[in-house]
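One structure is given here, and the rest of the page talks about it.
The values are calculated or read from the model by the stated rules, or taken from the named source; none is laboratory data. Just so we're clear, the structure is a prediction, and the values are computed from it rather than from any experiment. We place every Cβ from the backbone using ideal geometry, glycine too, and count neighbours over all the protein chains shown.
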Amino acid sequence: MPTALVTGASRGIGRGVAVRFAIDGYDVAVNYRNSDAAASDVVETIETETDRVAHAVQADVADPAAVEACIGETVEVFGSLDHVVNNAGINQHRHTPDLSPEEFKRLLDVNTTGTFAVTRAALPHLQESTVPEGPSVINLSSRLAFAGAGYEPHYATSKAGIVALTKSHAREFAPTIRVNAIAPGFIETDMTDATTTEADKEQRRDDIPVGRLGQPDDIGQAAAYLRDASFVTGETLHVNGGQRMQ
């Protein structure tokens, strides 16, 4: 059976992508950093609501040794690896005067370097994939990579780096492996709930032409499209309800 690894899949967007891939017929490795219970819940949801197999695998993507172990465990359990979704990431609201160099580096280590490390470790296994659509890597960027963010410059920088990394890897790995990115707009998750009031959500909703906030499965559907789109590589798919049109 075809297999996908989704990093940061214990909640939010990662959970939505993992469940969507399982619905579409993929066995899924559910990567997480801290929450055993949340990851186990995703595994249970997949195995209860679909006929696919899921497996939770713990790793901090900022730790190269942990990343190698994560890829090794995934291939050991499933026997192959056909698609990687680099979703793991952290966020932090800080204005520059209050942002330390250590905090800046930590966020880039997870969001950008982590994306690189997972892709690098998965590369030899993806090259052996025989799925009809061809193997792929899908990286999670953000609309803030294009708009900037005055309250989280390190986050916007990390996500802009992912766009450049996506294009570079698309060129480097062609024609064997396709590499694309998704730039979500505002998606309702526990992470955004922690930093956004209901009034803020209402204002954001008013700014979105389709008239609603994004949901994790909206990104799951976008990832499924890029997974199957065999003539698309090096692209960033903007999924924001029309809030930022390219």
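Kindly indicate whether any position in the range 196-217 is assigned to a helix (DSSP H, G or I) and either surrounded by 20 or more Cβ atoms within 10 Å (Cβ to Cβ) or in contact with a Ser or Thr (Cβ under 7 Å, 6 or more places away or on another chain) (or both).
Checked the range 196-217: at least one residue is assigned to a helix (DSSP H, G or I) and either surrounded by 20 or more Cβ atoms within 10 Å (Cβ to Cβ) or in contact with a Ser or Thr (Cβ under 7 Å, 6 or more places away or on another chain) (or both).
Answer with yes or no whether residue 10 is within 23 Å of residue 113 (Cβ to Cβ), assigned to a loop (DSSP other than H, G, I, E, B), of a type in the set (Ser, Thr, Tyr) and at pLDDT 95 or above.
yes
Taking residue 104 and the conditions (1) surrounded by fewer than 16 Cβ atoms within 10 Å (Cβ to Cβ); (2) farther than 19 Å from residue 220 by Cα, which numbered condition does it fall short on, given that it satisfies the others?
Only one criterion in (1) surrounded by fewer than 16 Cβ atoms within 10 Å (Cβ to Cβ); (2) farther than 19 Å from residue 220 by Cα is unmet by residue 104, namely (1).
When you scan the range 67-86, do you find a residue that is surrounded by 18 or more Cβ atoms within 10 Å (Cβ to Cβ), without any contact (Cβ under 8 Å) to a residue 60 or more places away in the chain and closer than 28 Å to residue 185 by Cβ, even just one?
Taking every residue of the range 67-86 in turn, none turns out to be surrounded by 18 or more Cβ atoms within 10 Å (Cβ to Cβ), without any contact (Cβ under 8 Å) to a residue 60 or more places away in the chain and closer than 28 Å to residue 185 by Cβ.
Given the conditions (1) among the polar types (S, T, N, Q); (2) part of a helix (DSSP H, G or I); (3) within 15 Å of the chain's Cα centre (by Cα), and given that residue 91 satisfies all but one, which numbered condition is not satisfied?
(2)
Tally the residues that are over 21 Å from residue 224 (Cβ atoms) and not hydrophobic (A, V, I, L, M, F, W, C), restricting the search to the range 33-58.
Summing the residues that are over 21 Å from residue 224 (Cβ atoms) and not hydrophobic (A, V, I, L, M, F, W, C) in the range 33-58 gives 8.
Among the listed residues 29, 66, identify the single one that is assigned to a strand (DSSP E or B) and out of contact with any Gly (no Cβ under 7 Å at 6 or more places or on another chain).
29
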